[in-house]
Amino acid sequence: MINDDRSTILSAIKASLAQAASARTRGGLHGPPPSIAAPPLTNELPKSAADRRDPASTLATAGFQTALDRVQGVCHRVTSDAGAADALQAVIADLGVRRVVRSDDPLVIEILERVIGGFELLPPNADRALLLECGIGVSRATIGVVEYGTIVLSSGDMAGVSGAPTERQRLVSLLPATHVAILASTDLVETWDAALTSLRSASGDLPPTATFATGPSRTADIELELVLGVHGPKNQHVILLEHR
Amino acid sequence: MGIEGVSSLLLMRIALFVTCLMDQFRPEAAEATVSVLEHCGCEVVFDPRQTCCGQPAFNAGLHQEAIPVCRGAVRVLDDQITRGGCDAIVTPSGSCAAMFRHAIELLDGDDAVAAKRVAEATHELSEFLVRRLERIDVGASWPGRVAWHDACHGLRELGIKSEPRRLLEAVDGLDLVESSTCDRCCGFGGTFSTNLPGISTGMADDKIDELETLGIDAIVSGDASCLMQLEGRLEARGSRIRGVHLAEILAARETLTRINS
Amino acid sequence: MITPKADPNETGYIHHLHADQFDDLVPQALANVELRGALAKATNTIRNRRATALEEVDHFQELRSQAKSIKTEALAHLDDHLETFERQATANGIHVHWAADAKSASAIVLDIAIKNKTRLAVKAKSMVSEEIGLNDALIDAGIVPVETDLGEWIVQLAEEPPSHILAPAIHKRRREIRDLLARVLDRPMPDDAAGLTEVARHELRGHFAQAELGISGANFLVAETGSFLLIENEGNIRLTTSLPRVHVAVAGIEKIVPRLQDLGPLVRIITRSATGQAISCYQTLITKPKTSPEDDGPEEIHLVLLDNGRSKLLEDDLTAETLRCIRCSACLNICPVYRQIGGHAYGSVYPGPIGAIFTPQIAGMHAASQLPGASSLCGACREVCPVDIDIPGVLLHLRHRAAEGDRSTGDHPEGDPLTTKKNRSMRRGFRFWRWAMGSSRRFELFGAIGRLLATVIRQVPSLTKYAGPLASWTDGRTIPRSPGRSFRSGEMARRLRPEGQDRA
């Protein structure tokens, strides 16, 4: 039955495309459009975004911070692992969070080891019920996009079957109300398109799932009023390691 | 045929496509169109065999009825540009000018070829003045405060946006204000206006609600059907805002042409 | 009351379609002051946000033309791309299914649900799932589908269909939503949008965790890699596709793009066109089910490719443009007609300008013949469409098919009986018009009669009740003032006659 539908659909498409092709050569009623090109809709040239960009922000890290700030995310630029730990500590303390869950990325683990306690730290394979109660999730951003302040979160291939082993972070970066992403400045790219290209491994493989996240979750479904924090995290922090 | 007017140098010979609506219901705007063209040094020719471009039926999907009417207009105008020595066709309506482009697909054979010639030669009035003749100041004088309505076909099919504004800004004594709803459809749309009257008048209200906040004397358009729609609703609402065709303003020369309420 | 229009077995079934009631639904919508207020506010807001967003983009027209050519190319070789997609996705472990019609698609999803002993399914917003009536099919099989997109959840609780492609509850004011939630959840509700959103977050969290099945649509399918992309702001799609054990995505066949890199221009333009954001909060690219058992995410991923009449649109270059649609809803937000009446009046899950061309072509003109007339042909939709669909052109084509049958194919006029009757009387009117326009003498004669009538009616407006279209005009508008004569009968026109022409 499924195969029947498959061949039905494919042959229907082929037949339709053939009909369109023959109508085109016949120059039928919907043949070539009128040959008089309409002038462009406006006489003005498109504005250049470069005219508005602050010259200082052409630096990648500053640019990323500005972009993330624009979408109500928070970027902490640090110059050492100790600095990263301090920033993370401050976020945990400011939010008064008691339970934090981490991914199993080695760098995330390293930084967390430097953070002084006062909270419970859970591994990513903790019970789901517990995960739902965590105030903060800490994971790695594999790529950062300067133009939008986007971070790329790749889902795990723990065994490294198709490329380097990737952390388990999918629920860590999604369930808690606050997500803190650790991002190395060498992983910054300028555009979303470049990030897409970088996703592919040397062998051309893609991770099972990759999420491009830009700022905290939001909605405008109620009277088009912007509300931050819906089903995804309400707070999006990125600790940007300028030294890595 | 002679030409009254200031200029002694004839720039071009123009075939006027006056449009069915202007001919029968807005002759003063039609005559104003001629005055403006003549003032700018054109010789205008009006072939009375013309009636309608066929758009009302075409928009309703009725090709059978649209074709003979459209073909008639195309043949008359084509005759004027191929044998009548006319350099261009000017029409005081964006929608009619745009219709001749559709005529290329609508008609067949030699008529389609003629339609292409006609479409290529046709200009809406403001576009003709500004782009072809490169005239902004036509020596008009019209004291009053107005806003411009961008008729849909002219705006979106022909790209007419800055031309009417530049012409109006050059009119002596005229105060042109920009309406934030200028490019919203007035709600006419041919048979749409009577098939879905509630929506049609709602669309007009959308614009008029905003126009009423501008303190204008008149709303100006290059399309007589838009004016008919807006004026009909303005009057029903007891508004003091009048509708004026662009040509009427551009042809106005005395300071006494102020519209009295 | 909503009655299903056609058999889901038939190709082109659209669930809960009642587009033939347009004439009745319109006055109701116009009379609904709350609705008009909500629509005015919403469309103004989105329109402004979009305009601002596009000012920031260099060369919008260039970007738009890229998006358009990607979609055009995809459709031009749709069969090849679909086969490539299937091959790649299957190699990656995704189960690819083909559904020729709505019933087939629902059956496939039901089959998967039942095999996985599903009692609860969480749903991310998917217009296609609305189209095929998936929720009702699940409920009939004893499975509970819970909408998780905030707007969809709201309309699900209100037992209404969505009224907008992107913001399903755009027709509801905040206090309506507050009262609805208070009633359904049986406790007092906060007054503000943030508070109400918090309620939704809390209520739905548990469902995400418990559901055995997650159902979504897909924004784009990538042939080259067998991946698909899901775009959202709320995070409910991430949850729907991460927590349950099984994930099923349903997508129209037109969602295909050839290469992974094609996603760049499309993502860049879609959210700006839709909501005015530079980019949406989350884009999730799904390529395989989890490769490591310890990872989070579904164990099984299914993708259902739905035709349901789409392939027929490829027969003609103009109608094929309809399939370029990337469901951004920019056309709805700019449409002056949609702004007046809202989405429900269209009687279709696809409202607004895109709905007016998609619905009749999918479900058949007989089921939706009034929709192509629901437009003044202003062209604003085309102007904002990120993939430059000639919506006015398709509307004109459909009107022609409804009124006369398609000249190029020789088909008969299509339409339901009421519309056919109206079209017949319209044709009679235009036959007269054509005759009147056929000679200058008749043109002048009837023009004069028209001027006389106008003068009379301006004095006695009540006379118009005897003439349908005139009565429609004068309900809210005055008849134009009659000039004393026509242009052509005046001295100036006589002076301008071409040489050798003394009379018409």
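With θ taken as phi - 60° and the Karplus curve 6.51 cos²θ - 1.76 cosθ + 1.60 applied, the whole-hertz 3J(HN,Hα) list for segment C:40-45 is 4, 4, 5, 5, 4, 4 Hz, x standing for glycine and proline.
Based on the Stokes-Einstein relation at 10 °C and a viscosity of 1.306 mPa s, and on the Kirkwood radius from alpha carbon pairs, chain C is assigned a translational diffusion coefficient of 63 µm²/s. Within chain B, the ratio Rg/Rh, alpha carbon atoms throughout and Rh by Kirkwood, equals 0.96.
Could you give the size of the charge dipole of segment B:1-130 about its Cα centre, using +1 on the Cβ of each K and R and -1 on the Cβ of each D and E, expressed in debye and rounded to the nearest 20? Intermediate results must be reported in sequence, preceding the final value.
Working: 9 positive and 18 negative charges, 32 e Å.
So the dipole magnitude of segment B:1-130 works out to roughly 160 debye.
Counting partner chain Cβ atoms within 10 Å of every residue's Cβ in C:430-441, what's the average?
Details: counts 9, 4, 1, 9, 11, 3, 4, 14, 5, 3, 7, 1.
Mean shielding count: 6.
The charge dipole of segment A:121-244, taken about its Cα centre with unit charges on the Cβ of Lys, Arg, Asp and Glu (plus for the first two, minus for the last two), comes to roughly 340 debye. Considering segment C:1-125 at the alpha-carbon level, its Rg and Dmax are found to be 21.4, 55 Å. Of the solvent-accessible surface of the protein assembly as shown, computed with a 1.4 Å probe and all protein chains present, 52% belongs to carbon and sulfur. The packing ranking of peptides C:358-371, A:216-229, highest mean first, is C:358-371, A:216-229, where packing means the average number of other beta carbon atoms within 10 angstrom of each residue. Using R0 = 51 Å, the C-beta based FRET efficiency linking A:Thr197 and B:Leu11 works out to 0.35.
The Cβ shell under 13 Å around C:Leu78 holds other residues with a net charge of -2, Lys and Arg each +1, Asp and Glu each -1. Against chain C, whose longest principal axis is taken from its Cα atoms, helix C:22-31 shows a tilt of about 90°. Which of the residue pairs C:Lys255/C:Lys290; A:Lys234/C:Lys290; C:Lys68/C:Lys255; C:Lys41/C:Lys172 have a Cα-Cα distance greater than 20 Å in the structure shown? Pairs exceeding the cut-off: C:Lys255/C:Lys290; A:Lys234/C:Lys290. Over every Cα atom in segment C:193-244, the radius of gyration and the widest Cα-Cα span, Dmax, amount to 13.5, 43 Å.
In the complete set of protein chains, residue-level accessible area for C:Phe432 is approximately 110 Å², probe 1.4 angstrom.
Mind checking the mean number of beta-carbon atoms from other chains within 10 Å of the Cβ atoms in C:99-106? It would help to have the intermediate numbers written out before the result.
Details: counts 5, 7, 3, 0, 0, 6, 1, 0.
For peptide C:99-106, the averaged partner shielding equals 3.
Across segment C:331-419, C-alpha contacts under 8 Å between residues 6 or more apart give a mean separation that, scaled by the residue count, equals a relative contact order of 26 percent.
Placing a pseudo-label 7 Å from each Cα along the Cα-to-Cβ vector at C:Asp192 and A:Leu59 gives an inter-label distance of 3.7 nm.
Where both bridge residues fall in the protein assembly as shown, DSSP classifies roughly 25% of the beta bridges as antiparallel.
Test of understanding: extend the Cα→C-beta vector of A:Lys14 to 7 Å, then name every residue of segment C:82-121 with backbone N under 14 Å from that spot. Correct set: C:82-84.
The lysines whose alpha-carbon is closer than 29 Å to the alpha-carbon of C:Lys465, local same-chain residues fewer than 8 away aside, are B:Lys207, C:Lys421, C:Lys422.
Helices in chain C, meaning DSSP H runs of at least 4 residues, each add -39500 (n - 2.57). Divided by all residues, the mean residue ellipticity at 222 nm is -15000 deg cm²/dmol. Relative contact order, whole percent, for chain B stands at 19, derived from Cα pairs under 8 Å and 6 or more residues apart. The Cα center of segment A:213-244 and the Cα center of segment C:124-173 differ in position by 25 Å.
For segment C:228-286, run through the trypsin sites (Lys or Arg not before Pro) and keep only the ones in DSSP coil with at most 16 other Cβ atoms within 10 Å of their Cβ.
Working: sites: C:Arg238, C:Arg245, C:Lys255, C:Arg259, C:Arg268, C:Arg272; in loops: C:Arg245, C:Arg259.
Here the trypsin sites (Lys or Arg not before Pro) that fit, given the DSSP loop and packing criteria, are C:Arg245, C:Arg259.
Using helices alone, I'd like the mean residue ellipticity at 222 nm for chain B: each DSSP H run of four-plus residues gives -39500 (n - 2.57), total over residue count, nearest 500. If you can, show how the numbers build up before the last one.
On the way: 11 runs with 116 residues, N = 261.
Value at 222 nm, helices only, nearest 500: -13500 deg cm²/dmol.
Hey, could you get me the Stokes-Einstein D for segment C:437-495, Kirkwood radius over alpha-carbon pairs, 4 °C and 1.567 mPa s, rounded to whole µm² s⁻¹? Show your work: numbers first, answer last.
Values: Rh = 12.7 Å.
Diffusion coefficient, whole number: 102 µm²/s.
Amide H to amide H, with H built 1.01 Å from N, B:Ile160 comes under 5 Å of B:Leu155, counting only residues 5 or more places away or on other chains. As a size descriptor, the averaged projected area of the C-alpha convex hull of segment B:1-125 was calculated at 7.3 nm².
Local charge sum around A:Ile136 (other residues, Cβ-Cβ under 10 Å, Lys/Arg +1, Asp/Glu -1)? Each step should come with its number before you reach the end.
On the way: positive: A:Arg98, A:Arg99, A:Arg102; negative: none.
Taking every Cβ under 10 Å from that of A:Ile136, the sum is +3.
Note on chain C: antiparallel DSSP beta bridges, both residues inside, total approximately 25 percent of the bridges counted. Interface between chains A and B: roughly 1100 Å² of accessible area buried, both sides summed (probe 1.4 Å, protein heavy atoms only). Projecting the Cα atoms of C:Ala121, B:Ile208, C:Ala102 onto the dipole axis of the protein assembly as shown, where Lys and Arg carry +1 and Asp and Glu carry -1 at the beta carbon, places B:Ile208 farthest toward the positive end. Relative contact order for segment C:164-283: 23 percent, from Cα pairs under 8 Å spaced at least 6 residues apart, divided by residue count. Approximating the spin labels as points 7 Å out from Cα along Cα→Cβ, the C:Glu212-to-C:Val144 distance works out to 1.4 nm.
What Kirkwood Rh does the protein assembly as shown have if only Cα atoms enter the pairwise 1/r average? Answer in Å. Working shown, then result.
Numbers: mean 1/r = 0.0327 Å⁻¹.
One over the average 1/r among Cα pairs gives 30.6 Å for the protein assembly as shown.
Treat segment C:19-312 as a sphere of radius equal to its Kirkwood radius over Cα pairs and apply Stokes-Einstein at 20 °C in a medium of 1.002 mPa s; give the translational diffusion coefficient in µm²/s, rounded to a whole number. Show your work: numbers first, answer last.
Details: Rh = 20.4 Å.
Answer from the Stokes-Einstein relation: 105 µm²/s.
Remark: spin-label model distance A:Leu95-C:His202 equals 1.9 nm, labels positioned 7 Å along the Cα→Cβ axis. Only beta bridges with both residues in chain B are counted; by DSSP, about 0 percent of them are antiparallel.
Averaged over B:41-54, how many beta carbons belonging to a partner chain fall within 10 Å of each residue's beta carbon? Please list the in-between numbers first.
Values: counts 0, 0, 1, 3, 5, 10, 6, 15, 6, 5, 11, 6, 1, 3.
The per-residue average across the peptide is 5.
Give me the net charge of C:Arg259's neighbourhood, meaning all other residues with Cβ under 10 Å from the Cβ of C:Arg259; Lys, Arg count +1, Asp, Glu -1. Charge balance in the 10 Å sphere: -3. Accessible surface computed residue by residue for the protein assembly as shown, with neighbouring protein chains in place and a 1.4 Å probe, gives 37 Å² per residue.
The values are calculated or read from the model by the stated rules, or taken from the named source; none is laboratory data. Fair warning: this is a prediction, and the values are worked out from it, not measured in the lab. Positions of Cβ are backbone-derived with ideal geometry, glycine not excepted, and every protein chain shown enters the neighbour counts. Just the protein is used for accessible areas: all its heavy atoms, side chains included, with ligands, DNA and RNA removed. Shrake-Rupley method; radii C 1.70, N 1.55, O 1.52, S 1.80 Å.
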